[in-house]
Each structure stands twice: as structure tokens, then as C-alpha cells.
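This report refers to the structure that appears directly beneath it.
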Amino acid sequence: MKRIVAGGFFLLSGVLLYLGVHLAAAMYLPHITGWSTPPGKYGTALRETGGYAANLFSILLMIGGSLILLIELYFPHAAATYKKALAERNREYEKKHNLRE
């Protein structure tokens, strides 16, 4: 349960940081007078507001939080199903080969 809360916290923190960086760059867009084509106007605004590192960090937080939530919410059920199927196969094998006394 603690990992689910931590994953949700990371995901929410990443989303909020991304929104903050995006809003800061968007508010700075009208003040840009010149930009080059590869990064574009938004990329230039992001660079001038110092948001590249925060943007990358927010994306990493969102990916990390999503992975933690995915692992904690899906894999325990998959592991339990696998263990149950494995135990059933083991019983069938022991019964077929008379391994139980």
C-alpha cells in the first residue's frame, strides 16, 4: 500500500511540475522576439525560462510513478495466478507419477 501511495505521489508531482513549467513557458511566449527553427518558439521560451531540466525531471517523475503503480497494481495479481497454476500442475505431476506417499 505504501508503494501505491508513493507511485501516486510521484505521478501527481510530475504532472504538477510539468504543468507549472508549461505555464511559465507559455506566459513567456509573447516576450520572445526571435527564435530558431529546431527548438521552435516554445522550445526557446522553455530554454529562456530555465525549464528544460524541470521539464525532463517532471517527465521522469511521471514515468517512474506510472511504473510503480503498474507494478504494484498488476504484478501481485499476476504472480498469485502464476503460483496457483504452478501448484496445480505440481499436484497433477505428482499424482501422475505417484510421487506422493
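Overview of values
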| read-out | value |
| --- | --- |
| Close pairs from the stretch 70-81: first closer than 22 Å to Leu11 by Cα, partner outside any helix (DSSP H, G or I) and among the hydrophobic types (A, V, I, L, M, F, W, C), Cβ under 9 Å, at least 6 apart | Glu72/Met1 |
| Count of residues meeting criterion [modelled with pLDDT of 90 or more, among the hydroxyl-bearing types (Ser, Thr, Tyr) and under 18 Å from the mean Cα position of the chain (by Cα)] in the stretch 40-83 | 2 |
| Some residue of the stretch 46-59 being of a type in the set (Val, Ile, Thr), surrounded by 13 or more Cβ atoms within 10 Å (Cβ to Cβ) and within 30 Å of Gly8 (Cα to Cα) | yes |
| Selection count, the stretch 75-101, where residues are farther than 21 Å from Met1 by Cα and of a type in the set (S, T, N, Q) | 2 |
| Within the stretch 3-39, tally of residues that are farther than 26 Å from Glu72 by Cα, under 23 Å from the mean Cα position of the chain (by Cα) and surrounded by 15 or more Cβ atoms within 10 Å (Cβ to Cβ) | 2 |
| Residue match in the stretch 51-73 (condition: touching a Phe, Trp or Tyr at 6+ places or on another chain (Cβ under 6 Å) and of a type in the set (A, V, I, L, M)) | yes |
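The values are calculated or read from the model by the stated rules, or taken from the named source; none is laboratory data. Everything numeric in this text was worked out from a predicted model, so none of it was measured. Here the Cβ is made from the backbone with ideal geometry for all residues, glycine too, and neighbour counts use every protein chain on show.
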